[in-house]
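First the structure, in the form of structure tokens, and then the observations on it.
The values are calculated or read from the model by the stated rules, or taken from the named source; none is laboratory data. This is a predicted model, so every value here is computed, not measured. With ideal geometry, Cβ positions are generated from the backbone for all residues, glycine too; neighbour counts draw on all protein chains shown. These area figures cover heavy atoms from the full protein model, side chains too; ligands, DNA and RNA do not enter into them. Shrake-Rupley method; radii C 1.70, N 1.55, O 1.52, S 1.80 Å.
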Amino acid sequence: SSKDNREKFFKGTSFEELVSLYKQTYAGFLDRIHLMPHAKEVLASLRKKGLKIALITNSHDYMLPRILKGLGLFSFFDHIESFREGIEPKPHPMMLNNALRRLGIDKEEAVFIGDTKVDAEAGRRAGIFTLCLGFPCDRKIDKLEDILPIVDEKGQRGP
């Protein structure tokens, strides 16, 4: 997370100074951000099922709308929870709990999907069923499309 990076690599740098540094340099790398295969199709399928979708990321909130709009993803999300001052980054469960509250969803009804061990730990700490792309957690998936039958299965069983 940016909080960890600041403590490790930018000691003595204020949060505001770090944000300014990121803003100056990060924008130059936006063209290197690419979607995982089938990301839009999976999001569209989840949306079609009438599910509420949140994005929970340790990325800074000031760049996220630009990234998501550039990738054509912004409209898929009902809520976006990102790192900003006063918010604990994952693996702390704060962002997941904030998203659940904003969407009016109980943790027993939710499925959290992550692609890092930090995500797996955040899901565990929040008590949310977690799917992990490429490594074991509550349930491992190998590709994004694997999400769809699992979400269907969980919905059929109920909370």
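Numbers at a glance
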| read-out | value |
| --- | --- |
| Carbon plus sulfur fraction of accessible area for the range 1-51, probe 1.4 Å, in percent | 55 |
| Of Lys143, Lys11, Lys107, the one that fluctuates the most in a GNM where the chain has Cα springs shorter than 10 Å | Lys11 |
| GNM result for the chain, Cα springs below 10 Å: residue of Ile33, Ile53, Ile67 fluctuating most strongly | Ile33 |
| Positive-end residue, the range 32-159 charge dipole about Cα centroid, Cβ charges, pick of Ile56, Ile87, Phe74 | Phe74 |
| Label point at Phe10 placed 7 Å out along Cα→Cβ; residues across the range 22-36 whose backbone nitrogen lies under 16 Å | 22-29 |
| Rel. contact order, % - alpha carbon contacts under 8 angstrom, at least six apart, the chain | 18 |
| Whole-number D in µm² s⁻¹ for the range 74-129, Kirkwood Cα-pair radius fed into Stokes-Einstein, 20 °C, 1.002 mPa s | 185 |
| Estimated D of the range 1-79 in µm² per second, where Rh is the Kirkwood radius over Cα pairs and Stokes-Einstein applies at 25 °C, 0.890 mPa s | 169 |
| Pairs beyond 32 Å (Cα-Cα), from Lys48/Lys117; Lys23/Lys49; Lys11/Lys140; Lys8/Lys48; Lys11/Lys40; Lys40/Lys90 | Lys23/Lys49; Lys11/Lys140; Lys8/Lys48; Lys11/Lys40 |
| Percent RCO, i.e. relative contact order, over the range 86-159, from Cα pairs under 8 Å lying at least 6 residues apart | 24 |
| Spherically averaged projected area of the range 51-159 from its Cα convex hull (nm²) | 6.7 |
| Carbon + sulfur, % of accessible area of the range 66-159 - ligands and nucleic acids excluded, 1.4 Å | 49 |
| Computed magnitude of the charge dipole of the chain (debye, nearest 20; Cβ of K, R +1, Cβ of D, E -1) | 120 |
| Residue-span extension gain [Glu17 to Phe76] - 0.36 nm each, minus C-alpha spacing | 18.1 nm |
| Gaussian network model of the chain, springs between alpha carbon atoms under 10 Å - residue of Thr116, Thr57, Thr130 with greatest fluctuation | Thr116 |
| Heavy-atom accessible area per residue - the chain, 1.4 Å, Å² | 59 |
